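Before I ask anything, here is the structure I am working with.
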Amino acid sequence: MGNLTGKVVVVTGASSGIGQAVAKMAAEHGAKLVLAARREERLSELAETIKAAGGEAVYKVTDVSKKEQVMELTDFAISSFGQIDVLVNNAGIMPSGFLDIEKSDEWDALIDINIKGVLYNIGAVLPHMRARKTGHIINVSSVAAYETASPYAIVYSMAKHAVKNISEGLRQQEAILQTGIRVTDVGPGTIDTDLKYTITDPQMRAAAMQQYSDPEKMLQPEEMALAIITAMEMPEKIAFNTMVVRPVNS
Ligand code: NDP
């Protein structure tokens, strides 16, 4: 048991990569987990793994781009465990490539999942966290949000800049309202996950495969999770508002 004993943590995008690693580690540190993503089998497996290790976890199949489903996720978390202490807004996709109108459905999906999904989740938990005068909202943006625009991934970069901007606006808003809610924007560098497979453009995908081939130049999801859990475990008065997490020498 660790510093998260008794805390209820909701993780979106918990079916793989960073979200899965955060969920597992939070459970190891004593938290009760609410797992969300679209792939039920993977959520169910993760919940079983956490329970087999002595932890507590429930899951709900959720498409974060659907407001109703996100509202239901929040209700489900509260009815399962009575409260939500931490929301990890992690679900995301990364289709990349030069701007091409033929790919406008990918722009739509990116905006719906990576931006609106984050907003819906924040909107859903805010009334509950405000009523309790405590809570922690962690938005996973990207190193792309902390760099200037990318010619190879304009829409992804735009979406992640939006997430960072939402995080900072939310931080200021909750400070004005004195709600006690902490906000953290996390910008991961290159992390060894399945995210690269959401790239459909063959050239960009080949470039990403290259980028994601050197173990020295990327972090494992568990290493990224460690940084996120560290932010969660800070004493309540301390808020890590922004964190950019890259492997050393990259
Ligand atoms: P993965 O592809 O491993 O995980 C993405 C997760 O998002 C999956 O669990 C997926 O689950 C979920 N997801 C995608 N679309 C939806 C949706 N509509 N509704 C609910 N869940 C959804 O990639 P990562 O772990 O790398 O990505 C996690 C976050 O980290 C993303 O926001 C990404 O942009 C960010 N990031 C990652 C970096 C990296 O190098 N890996 C670098 C910078 C940022 P399912 O398909 O089951 O719904």
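Looking at Thr148, His136, Val163, which one has the Cα that reaches farthest to the positive end of the dipole of segment 127-193 (charges on Cβ: Lys, Arg +1; Asp, Glu -1)?
The residue sitting farthest along the positive end of the dipole is His136.
So if I restrict to the alpha-carbon atoms in segment 1-90, what is the Rg, and what is Dmax, the biggest pairwise distance, in Å?
Here Rg and the maximum Cα pair distance are 11.6, 35 Å.
Find how much the distance from Ser213 to Asp63 grows on full extension, using 0.36 nm per residue of separation minus their present alpha carbon separation; answer in nm with one decimal.
Between Ser213 and Asp63, full extension yields an extra 51.0 nm.
Sticking with this one: Determine the relative contact order of the chain: mean sequence separation of Cα pairs under 8 Å and six or more apart, normalised by residue count, in whole percent.
20 percent.
Which of Val22, Met204, Val86 sits farthest toward the positive end of the charge dipole of the chain, with +1 on the Cβ of Lys and Arg and -1 on the Cβ of Asp and Glu?
Checked the options; the winner is Val86.
Here's another thing I want to ask about it. Please list, short to long, the whole-number percent of alpha-carbon pairs of the chain in consecutive 10 angstrom bins beginning at zero.
8, 33, 38, 18, 3, 0
Could you give the distance between the Cα centres of segment 189-238 and segment 47-119, to the whole Å?
Here the answer is 17 Å between Cα centres.
Hey, got the dipole for the chain? About the Cα centre, +1 on K and R Cβ, -1 on D and E Cβ, debye to the nearest 20?
In total the dipole reaches around 720 debye.
On a straight-distance basis, which lysines could pair with Lys237 in a cross-link, Cα separation under 18 angstrom, same-chain partners fewer than 8 positions away excluded?
Output for Lys237: Lys7, Lys133.
Once amide H atoms are placed 1.01 Å from N in the peptide plane, what residues at a sequence separation of 5 or more from Val244, or on another chain, have their amide H within under 5 Å of its amide H?
For Val244, the qualifying residues are Gly187.
If one takes the longest principal axis of the Cα atoms in the chain, at what angle in degrees, from 0 to 90 and to the nearest 10, does the Cα axis of helix 154-177 lie?
30 degrees
Now a separate question. By the gyration tensor of its Cα atoms, with a ≥ b ≥ c the square roots of the eigenvalues, what is the shape of segment 111-250: rounded for a/c under 1.5, prolate for a/b over b/c, or oblate?
It comes out prolate by the Cα gyration axes.
Here's another thing I want to ask about it. Rounded, prolate or oblate for segment 58-152? Axes are the square roots of the Cα gyration tensor eigenvalues, ordered a ≥ b ≥ c, and the cut-off for rounded is a/c under 1.5.
Prolate is the answer for segment 58-152, as a/c is 1.5 or above and a/b outweighs b/c.
To the nearest 20 debye, what is the magnitude of the charge dipole of segment 127-243 about its Cα centre, counting +1 on the Cβ of each Lys and Arg and -1 on the Cβ of each Asp and Glu?
Dipole size: approximately 560 debye.
The numbers here are math on the coordinates, done by the rules we state, and not lab data. Being a predicted model, the structure only gives us computed values, none of them experimental. Note that each Cβ is placed from the backbone with ideal geometry, even for glycine, and that neighbours are counted across all protein chains shown.
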